[in-house]
Amino acid sequence: MNKDQPPQSRWIHRTGSEAGAGPADPTGNLQDAAEVARLFCDALLDPGRFRHTLVSLVTPGSREYWGDFGAAAGELRDIPDWDAAPVAEPAPENPEVAYVRIFPAGAAGTTRRSGHPADGAAVVTLVWQDQLGAWLVHAFGQPVDPATAGGTA
């Protein structure tokens, strides 16, 4: 597996524990931030099994901070019957950053334009990777500005 290939080309060649349908065999559009966020959350449901998928979905600048993805997986497990917003919200004044809200199924998830998730909710921060032509996950939990958090937008 060539680490310099875009994520979608790595997903096609899964082996062993990541073979089959599900997060390791996505059919989504990596140019749709909401679909990438959902795929990331689906893979977080079993971070041990889908570790390679999770690694391929995060920005290169944030990889060292994810560890085994256990903290993010635990935070997602705390959201009962989670659901992802169907549309990403662009960051103010930065079209290369988008936010997708994760909330308990049936809940609004956030007060509009508050910038913070409601109780029991989280936000996936995504950054557009021009060289890949895809959105990648930069953070999970609270909204993050990658430019001020040590990442690149």
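Among residues other than Arg38 with Cβ under 11 Å from its Cβ, the summed charge is -4 (Lys and Arg +1, Asp and Glu -1). Solvent-accessible area assigned to carbon and sulfur over region 33-141 amounts to 50 percent, based on a 1.4 Å probe.
Counting only heavy atoms of protein chains, what accessible area per residue, in Å², does region 33-141 have with a probe of 1.4 Å? Let's see the in-between values first.
Working: 5250 Å² over 109 residues.
About 48 Å² of surface per residue is accessible.
Extending 7 Å from the Cα toward the beta-carbon at both Glu96 and Asn29 defines two label points whose distance is 2.2 nm. A crude spin-label estimate for the pair Ala71 and Asp130, with each label 7 Å from Cα along the Cβ direction, gives 3.1 nm.
The values are calculated or read from the model by the stated rules, or taken from the named source; none is laboratory data. Here the structure is a predicted model, which is why all the values come from computation and not from measurement. All Cβ positions, even for glycine, are placed from backbone atoms using ideal geometry, and neighbour counts span all protein chains on display. Protein only, heavy atoms only, side chains kept; ligands, DNA and RNA dropped before computing areas. Shrake-Rupley method; radii C 1.70, N 1.55, O 1.52, S 1.80 Å.
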